[in-house]
Amino acid sequence: MFHLEESGYKFLEQYGIWSKIDYQDISYSDGDYEEQRLAKIIASAHDLSIFSSELRNQCVDWQTLYHLSSQRGNILRPFQDKLKGRVLEIGAGCGAITRFLGENGGQILALEGSQRRASIASSRTRDLDNITVLAERFDDFQTEDKFDAITLIGVLEYASMFSSAEYAAAAMLDKIREFLKPDGYLFIAIENQLGLKYFAGTPEDHLDKVMYGIEGRYKLGEPETYGKVTIERLLNSSGYQTVEFLAPYPDYKMPSSIVTERGCKVREFDAGAFAWQTVSADPQLPHELNFSLTDAWPVIFKNSLGMDLANSFLIAATASDVPGLDANILAYHYSTQRKLAYAKETIFSLDNGAISIRYEKFANTAESQHEGYSCELIKNPAYYCGTPLSLKFVTLFTSNGWTVDAAVNLVTEYLEYLKSFLAKDGVVGPINQTIPGKFIDALPQNIILDAEGHANLFDCEWCAAQPIETGHLLFRALILLMQQSSRIMQPALQPELTRKAFILEVMHQSGFTVNEADLERFNAKEVAFQQQVTGLDRSFLGNWRPDELLAGGESTNHSEVRLYFKAGEASFIQQHSLSRKTQMDRPLLHSFSVAGKTNEPLYLRLDPSEGSGWILLNNLTVKNQQGKVLWSSDDASGDFINLSRVGTLNKGGVYYSSSNDPQIIVPVAFT
């Protein structure tokens, strides 16, 4: 496939990779434990595919999500037709993008500087015969092969860390061009130095420092990102004649939507919706921001700054004058957090002056006839220009001093629109009844209000096999609206309102006679629905956090203390934890009871807060059932992560956390 032996490389069968016998790894790793854990997960998996429910059920933290999520490959889907020839992947990591490239076809040479990560990538693709994994530094890599495409996904920013060249990024781009065929393409994914979320207070991704990139504080030998103008000049100076930018949202790591430059410019196309609707889906956003990204994105796009301030870029560059993208394409949207049978691509384009929508399923697999819900893509769907009804809700929730009565007014408006849709279908009568199952997707985010105020229902792809309760539909709508609102402010006069109390009050005022048991019943139905769609375990879906405060971020004085427990070499995950709400200036005296498995060591981690700031800790102890103290914070042992002790008061130790994720790892295994 590739002439690696001629360049001095040998195949190391025990690792499933090619390398030089005396190869020295680059010093890049997610950590020994994390990579060993990932290697075990992949080695024991039966289904290694992109849409593997088996692997997606292992996504319990950022590291596993980053390497195993079905969303990772979305970043290259707009150019999948350009990736079917000979492809060089630079920086394969642990194989998430490698897997996508392999399933897409073509002959793939995956280059990775870490031998261990290369072996994990090989393991992830062990059932594909079109992939060769090579452990080698890019600076030292030589080959006579020429490639149709080369990918740099999250790699260019590290150029100066692994190169001795004075201008490392330019040297890397120059060398890559030598490996490309004259009409070949380079695909780059990289954070935008001037991304809006970094202005909002998100730390720089690689150095974890707020405003570090914005203020241009990069030093020689550090990772470095670039703004749009700078990186375009860099590419042009390296001989890439044609450079196209796309904006992935929420960013390139887990993109669900990708907007083109033309999509950002067409006034009749609401490209901003892809940005604001994905804010809450960004797992790396801090708990508190300087401003609401959800509110800011529509303003950014109205002022034609959507591409310049995108959180990250997808770039297609070539030395030829032939663009890699159809000029009519406005945006792509990917529904890939699903089983393969339901996964789809939505393509928005401007054809003959009109915006059109095209749906494409990723597989022809049919769902079981015994499933409770069916999915059918709409043929020739219309594009409606206007305001999503959901934006009205989100704007309300992010406003200071909003009221529950105002939310009820919006729900009333929503229900009136729902009545009109039902009437067109021949369904009349009281709204608090059962309605046809085809309306399970008649949600505020699927209702567009045009310039004349007319409501248009779109993208209703799901249908329940049985009639549904309108109460279930409203519960579903409210849960999704709260999820979509990245920062809910305190409602006026009701700062202690919980999510459950809010839903109950809104539903009661909207004419629904429901109680807590009804909400749990609605949630059980929703969990069953999501299990069918996603293939995820109930533990990922069942907790709608009914007793949590509705408001979050700066709008509340509350926080949370959470105790994690795990057995053996398992990971700390939220499904195996206990929590307790805390309030500023009020001491919390509480004990957690945890039962371990017989003959299996139990490990503990305490997160004393879910935000940054001052924390007073006193008398943290671990006791057995007989009351014997097995560990105490007074022993001065344990790993205090993101916590610095700054003094002592009568009531205990004073600590400061500059992070939203302070942790105390108890250094004892309990049996």
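The values are calculated or read from the model by the stated rules, or taken from the named source; none is laboratory data. Fair warning: this is a prediction, and the values are worked out from it, not measured in the lab. Here the Cβ positions follow ideal geometry from the backbone for every residue, glycine too, while neighbour counts run over all protein chains shown. Just so you know, the surface numbers come from the protein's heavy atoms only, side chains and all, with ligands and any DNA or RNA stripped out. Shrake-Rupley method; radii C 1.70, N 1.55, O 1.52, S 1.80 Å.
Of note:
- The set of residues in the range 420-433 being among the small types (Gly, Ala, Ser) and either surrounded by 12 or more Cβ atoms within 10 Å (Cβ to Cβ) or within 20 Å of Gly453 (Cβ to Cβ) (or both) consists of Ser420, Ala423.
- Residue match in the range 448-460 (condition: open to solvent by less than 10 Å² (accessible area, probe 1.4 Å) and not in a strand (DSSP E or B)): no
- Residues of the range 1-19 that turn out to be of a type outside the set (A, V, I, L, M), more than 32 Å from the chain's Cα centre (by Cα), buried (at least 16 other Cβ atoms within 10 Å of the Cβ) and assigned to a loop (DSSP other than H, G, I, E, B), as a count: 2
- Members of the range 181-233 that are over 26 Å from Leu289 (Cβ atoms) and open to solvent by less than 30 Å² (accessible area, probe 1.4 Å): Gly184, Tyr185, Leu186, Phe187, Ile188
- The helices (runs of 4 or more DSSP H) found entirely in the range 461-563 that carry 3 or more residues being open to solvent by 50 Å² or more (accessible area, probe 1.4 Å), of a type outside the set (Val, Ile, Thr) and closer than 23 Å to Ala407 by Cα are 499-509, 516-534.
- Positions within the range 46-83 being part of a helix (DSSP H, G or I) and either among the aromatic types (Phe, Trp, Tyr) or at positive phi (or both), in sequence order: Trp62, Tyr66, Phe79
- One residue alone among Ser356, Ser349, Ser320 is part of a loop (DSSP other than H, G, I, E, B), of a type outside the set (A, V, I, L, M, F, W, C), in contact with a strand residue (DSSP E or B) (Cβ under 9 Å, 6 or more places away or on another chain) and open to solvent by less than 50 Å² (accessible area, probe 1.4 Å), and that residue is Ser320.
- Yes/no for Glu191 being part of a loop (DSSP other than H, G, I, E, B) and at pLDDT 95 or above: no
- The criterion of being open to solvent by 30 Å² or more (accessible area, probe 1.4 Å), touching a residue at least 24 places away in the same chain (Cβ under 8 Å) and on the phi < 0 side of the Ramachandran plot holds for Phe362.
- Just so you know, in the range 159-184 the residues that are polar (S, T, N, Q) and in a loop (DSSP other than H, G, I, E, B) include one that is farthest from Leu101 (Cα to Cα), and it is Ser164.
- Only listed residue being within 25 Å of the chain's Cα centre (by Cα) and on the phi > 0 side of the Ramachandran plot, chosen from Arg562, Arg545, Arg487, Arg499: Arg545
- Close Cβ contacts (under 8 Å, 6 or more residues apart or on different chains) running from residues in the range 83-106 that are open to solvent by 20 Å² or more (accessible area, probe 1.4 Å) to residues that are of a type in the set (Phe, Trp, Tyr) comprise Gly85/Phe147; Arg86/Phe147; Gly91/Phe138; Gly91/Tyr158.
- Residue count for the range 234-251, restricted to those that are within 18 Å of Gly195 (Cα to Cα) and open to solvent by 10 Å² or more (accessible area, probe 1.4 Å): 1
- Screening Phe397 with (1) out of contact with any strand residue (DSSP E or B) (no Cβ under 7 Å at 6 or more places or on another chain); (2) under 19 Å from Gly471 (Cβ atoms); (3) of a type outside the set (D, E, K, R) gives one miss only, at (2).
- Selection of the range 20-66 for residues being open to solvent by less than 20 Å² (accessible area, probe 1.4 Å), closer than 20 Å to Glu112 by Cα and among the hydroxyl-bearing types (Ser, Thr, Tyr) yields only Thr64.
- Residues of the range 47-71 satisfying the condition of being charged (D, E, K, R) and out of contact with any helix residue (DSSP H, G or I) (no Cβ under 8 Å at 6 or more places or on another chain): Glu54, Asp61
- Arg124 falls short on exactly one of the conditions (1) free of Cβ contacts under 8 Å to residues at least 60 places away in the same chain; (2) in contact with a His (Cβ under 9 Å, 6 or more places away or on another chain), and that condition is (1).
Let's see how each residue does on (1) among the charged types (D, E, K, R); (2) touching a Leu at 6+ places or on another chain (Cβ under 9 Å); (3) modelled with pLDDT under 95:
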| residue | (1), (2), (3) |
| --- | --- |
| Phe301 | no, no, no |
| Leu309 | no, yes, no |
| Leu314 | no, yes, no |
| His333 | no, no, no |
| Ala341 | no, no, yes |
| Asn352 | no, no, yes |
| Ile357 | no, no, no |
| Ala366 | no, no, yes |
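To keep it simple, each residue is scored yes or no on (1) more than 28 Å from Phe51 (Cβ to Cβ); (2) in a helix (DSSP H, G or I); (3) β-branched (Val, Ile, Thr); (4) open to solvent by less than 20 Å² (accessible area, probe 1.4 Å).
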site: Arg126; (1), (2), (3), (4): no, no, no, no
site: Asp145; (1), (2), (3), (4): yes, no, no, yes
site: Leu152; (1), (2), (3), (4): no, no, no, yes
site: Glu157; (1), (2), (3), (4): yes, yes, no, yes
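- When we screen Glu452, Glu469 for residues that are among the charged types (D, E, K, R), free of Cβ contacts under 8 Å to residues at least 12 places away in the same chain and farther than 22 Å from Trp276 by Cα, the only hit is Glu452.
- A search for C-beta distances below 9 Å between a residue of the range 276-288 that is closer than 16 Å to Gln337 by Cβ and any residue that is β-branched (Val, Ile, Thr) and open to solvent by less than 50 Å² (accessible area, probe 1.4 Å), counting only pairs 6+ apart in sequence or on different chains, returns Gln277/Thr294; Gln277/Val394; Ser280/Thr294; Asp282/Thr202.
- Screening the range 252-279 for residues that are β-branched (Val, Ile, Thr) and over 17 Å from Tyr198 (Cα atoms) and picking the one that is farthest from the chain's Cα centre (by Cα) gives Val266.
- Test for Pro436: is it in contact (Cβ under 8 Å) with a residue 40 or more places away in the chain and either open to solvent by less than 60 Å² (accessible area, probe 1.4 Å) or not aliphatic (A, V, I, L, M) (or both): no
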